[in-house]
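One structure is given here, and the rest of the page talks about it.
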Amino acid sequence: MSDETKTEVLEEGAAAAEAKHDEKKKDKHKKDRKEQQGEHAEAAKDDARGKVTYEAELSREEATNYLEALIRGVYAGKLHMRQGEDELELSPCGAIKVSVKASRKGPKEKITFELKWRTGGEGDLAID
């Protein structure tokens, strides 16, 4: 094989290797984009769902302060809940469904409050 032919073969080989490298790079870029889109979809899903659970035995004064803070949050239209690493922000708006249940079983008494509302996209119809 002549030196000129060897040079052509090496150049073709280098060009093929470079093309293959570029193809792998494009494939990796596509894969990275898909992963990022998946992460964004997961983040959006996480934003749409969440749960914070709190249970404690408090004095009557502490329980009252806690309930007053909830009332202020509902009134302001913003409740920021945090328990350990769990965090959730709620935005009470529009019509709020209120459920109250009270019960007594022997020496135990209980009252349960539940507030429900829908966020976004709802409201009064406006016609201009």
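Descriptive notes on the structure:
- For the pair Ala63 and Lys51 in one chain, pulling the backbone fully straight at 0.36 nm per residue adds 2.2 nm over the alpha carbon distance.
- For the range 60-116, the fraction of C-alpha pairs farther apart than 12 angstrom is 76 percent.
- Using a Förster distance of 35 Å, the FRET efficiency for Ile111-Ala76 (Cβ separation, nearest 0.05): 0.90
Laboratory data are not the source of any read-out in this text; all were calculated from the coordinates shown. This one's a predicted model, so the numbers in the text were calculated from it and none came from an experiment. Using ideal geometry, Cβ is built from the backbone for each residue, glycine included, and neighbour counts are taken over all protein chains shown.
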